[in-house]
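Written below as structure tokens is the structure these notes are about.
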Amino acid sequence: MNPSQPAPGSLVLGIDFGTTYSRAAAVIQGKIQLVSDSGEASMPSVVYFPKQGEPVVGWEALRYLPTEPSVTISSIKRLLGRNMSESEVRVLNYGVGYAIKPGPGNMAVLRIHDADYAPAQIAAAIITKLRKMAERRFGGVIRHAVMTVPAEASGDYLLALKRAASLAQLEVIQFIAEPVAGALAFGMHKAPTNRRIAVCDFGGGTFDASLVEQQGMNFRAVGYGGDSFLGGDDFDSALAEAVAGVVFGKSQVDLHRDAIRWRELLLRCESVKRQLSGKDEARLRMTEAYFASGTLNDLDLKVERKWIEPRWQPLVERGLGITEELLTSSSWDATSVQEIVLIGGTTLMPLVRQGFTKLFNRHVKTSERADVAVAVGAALQAAAYSAQAAAQK
């Protein structure tokens, strides 16, 4: 049997390998089933390396990020297939706590506990956990996957991701562009028609806008624009900066001075941001947040959506501007786009949805599960591949 061809009836996993979060899903008896880490369908793309023992991945690893940043690796997707001379690597190297250095061929590698790791090895730890969770959820061994990739993914990125999957004991039978996966998740494949689709993917670490042409049952990404350093993380930072301003005004204390507590504050701000997607206000609580007047002080602040949204608005405008530039460069007019699809966890924010509705001046397709839409699309493509393979037997 061709090793790249799954056995009839074997499960093919759909994987969305993301900058901030990763997800996996499969179609079981005609229904989409997501795997979960600590009860969550989205697993942080974070790997912690203890001095002894196996790497820790996901939600459990995330708790080490504030206290052990030099050995807790995040945003590894940004390094896959990257050369040290690339601007994305230089920017990332400035903003993370772990060490990035030149490796063979000047490719980026990580220095962890006096050892060098290729980004593919870190990615493999994340993919391995997704596979193992899926095997526990669905039963049996899983050896094949459909993986999503950015619309503009380079050949080096694809090779690095394929190697990571191989290290995780998975064979990638197909790559699918993330915007196409998003379109599938919203059921665009159910209507074999000709239309133009705009897919705006506002994730945790990146923003991608893609123009997709559907012709019958075929989907093709024909235009791409994006910012690899614009995402939900920036909204967390904006909220943290606003909170820091409140504390400084009250106590003349600069929260930036304590790197460990600042990273913890960012995590708290992410939680508040998520809550504000569904309600008008939320409480930000953090024990022993700052030292003032000789004592450690807790932080307990009511955050209203109307208070923070003006600080978030410039970030939304950046995404809208990228989309407008893409439409112009592709000679597409907003009125000529038949469907607008919003995917990625950041599109759960009302401010983001309002912005894109105004840009296109029409209804946009959204979902309360926009954060897992790409994984759902990958699972649908995996199921279609399995069905086609079985039919050819």
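The values are calculated or read from the model by the stated rules, or taken from the named source; none is laboratory data. Computed from a prediction, not measured in an experiment: that's the story for all the values here. All Cβ positions, glycine included, derive from the backbone under ideal geometry; neighbour counts span all protein chains shown. Accessible surface is based on the protein model in full, side chains and every heavy atom, while ligands, DNA and RNA are left aside. Shrake-Rupley method; radii C 1.70, N 1.55, O 1.52, S 1.80 Å.
How much of the calculated P(r) for region 177-323 lies past 27 Å, in percent of all Cα pairs? Before the final figure, lay out the partial values.
Details: 4252 of 10731 pairs.
Within region 177-323, distances greater than 27 Å cover 40 percent of Cα pairs.
Taking the Cα centre of the chain as origin and charging only Cβ (+1 Lys, Arg; -1 Asp, Glu), how large is the dipole, in debye to the nearest 20? Let's see the in-between values first.
Numbers: 43 positive and 41 negative charges, 181 e Å.
Rounded to the nearest 20 debye, it is 860 debye.
For ILE28, nonlocal amide neighbours, meaning residues 5 or more places apart or on other chains whose placed amide H falls under 5 Å from its own, are GLN33.
Can you pick out the pairs among LYS101/LYS132; LYS132/LYS162; LYS302/LYS358 whose Cα atoms lie more than 21 Å from each other? Each step should come with its number before you reach the end.
On the way: LYS101/LYS132 31 Å; LYS132/LYS162 18 Å; LYS302/LYS358 29 Å.
Result: LYS101/LYS132; LYS302/LYS358 exceed 21 Å.
Normalised by 2.2 N^0.38 Å, with N the number of residues, the alpha-carbon radius of gyration of region 164-230 equals 1.27. The label-point distance for SER329 and LEU159, in a model that sets each label 7 Å from Cα toward Cβ, rounds to 2.5 nm. Against the chain, whose longest principal axis is taken from its Cα atoms, helix 155-167 shows a tilt of about 90°. Set the Cα radius of gyration of region 258-393 against 2.2 N^0.38 Å, with N its number of residues, and you get 1.46. Among the trypsin sites (Lys or Arg not before Pro) in region 1-99, those located in a DSSP loop and surrounded by at most 14 other Cβ atoms within 10 Å of their own Cβ are LYS51.
Indicate the gyration tensor shape class of region 111-194 (rounded, prolate or oblate), computed on the Cα atoms with a ≥ b ≥ c the square roots of the eigenvalues: a/c under 1.5 is rounded; otherwise a/b larger than b/c is prolate and the rest oblate. Judged from the Cα gyration tensor, region 111-194 comes out oblate (a/c at least 1.5, b/c at or above a/b). Solvent-accessible area per residue in region 287-336 equals 58 Å², computed with a 1.4 angstrom probe and all protein chains kept.
Compute the convex hull volume of the Cα atoms of region 60-110, divide it by the residue count, and report the result per residue in Å³ as a whole number. Intermediate results must be reported in sequence, preceding the final value.
Numbers: hull volume 3.5 nm³, N = 51.
Value for region 60-110: 69 Å³ per residue.
Tilt of helix 350-360 relative to the longest C-alpha principal axis of the chain, in degrees (0 to 90, nearest 10)? Roughly 50 degrees, rounded to the nearest 10.
Ranked by the mean number of other Cβ atoms within 10 Å per residue, highest first, peptides 320-328, 212-220, 289-297, 183-191 order as 183-191, 320-328, 212-220, 289-297.
Each residue of region 278-289 was assigned a 3J(HN,Hα) from its phi angle through the Karplus expression (A = 6.51, B = -1.76, C = 1.60, θ = phi - 60°), giving x, 8, 7, 8, 8, 9, 9, 10, 8, 7, 6, 6 Hz with x at Gly and Pro. Per-residue ellipticity at 222 nm computed for the chain from its helices equals -12500 deg cm²/dmol, with DSSP H segments shorter than 4 residues left out and the rest contributing -39,500 (n - 2.57). Of all lysines in the structure, those lying under 20 Å Cα to Cα from LYS190, and not within fewer than 8 positions of it along the same chain, are LYS31, LYS365. Taking the centroid of alpha carbons for each part, region 54-90 and region 174-248 are 22 Å apart.
Starting from the alpha-carbon convex hull of region 70-222, give the projected area averaged over all orientations, in nm². Write out the running numbers ahead of the final one.
On the way: hull surface 42.1 nm².
Here the figure is 10.5 nm², rounded to one decimal.
Per-residue 3J(HN,Hα) values for region 123-133, derived from phi via the Karplus relation 6.51 cos²θ - 1.76 cosθ + 1.60 with θ = phi - 60°, read 4, 4, 5, 5, 5, 4, 5, 4, 4, 5, 4 Hz in sequence order (x marks Gly and Pro). Neighbours of TYR21 by Cβ distance under 10 Å: Lys/Arg scored +1, Asp/Glu scored -1, total -3. Contact order for region 131-265, expressed relative to its length and based on alpha carbon pairs under 8 Å spaced 6+ residues apart, stands at 15 percent. The antiparallel fraction among DSSP beta bridges confined to region 33-182 stands at about 70%. Compared with the alpha-carbon gap, the fully stretched path from LEU301 to ILE28 is longer by 93.9 nm at 0.36 nm per residue.
Taking amide H positions as modeled 1.01 Å from N, with prolines and chain starts lacking one, the residues under 5 Å from GLY18 and 5 or more places away or on another chain are ARG23.
Remark: region 312-317, residue by residue, has Karplus-estimated 3J(HN,Hα) of 8, 3, x, 5, 4, 4 Hz, where x stands for each Gly or Pro and the curve is 6.51 cos²θ - 1.76 cosθ + 1.60 at θ = phi - 60°. Expressed as a whole percent, the accessible surface of the chain that belongs to carbon and sulfur atoms is 48, based on a 1.4 Å probe. For ALA292, the residues whose modelled amide H falls within less than 5 Å of its own, excluding neighbours fewer than 5 places apart on the same chain, are ASN297. Restricting to the chain, what percent of DSSP beta bridges are antiparallel, rounded to 5? In the chain, DSSP labels about 75 percent of beta bridges as antiparallel. For the chain, the longest principal axis of the Cα atoms and the long axis of helix 373-392 meet at an angle of about 20 degrees.
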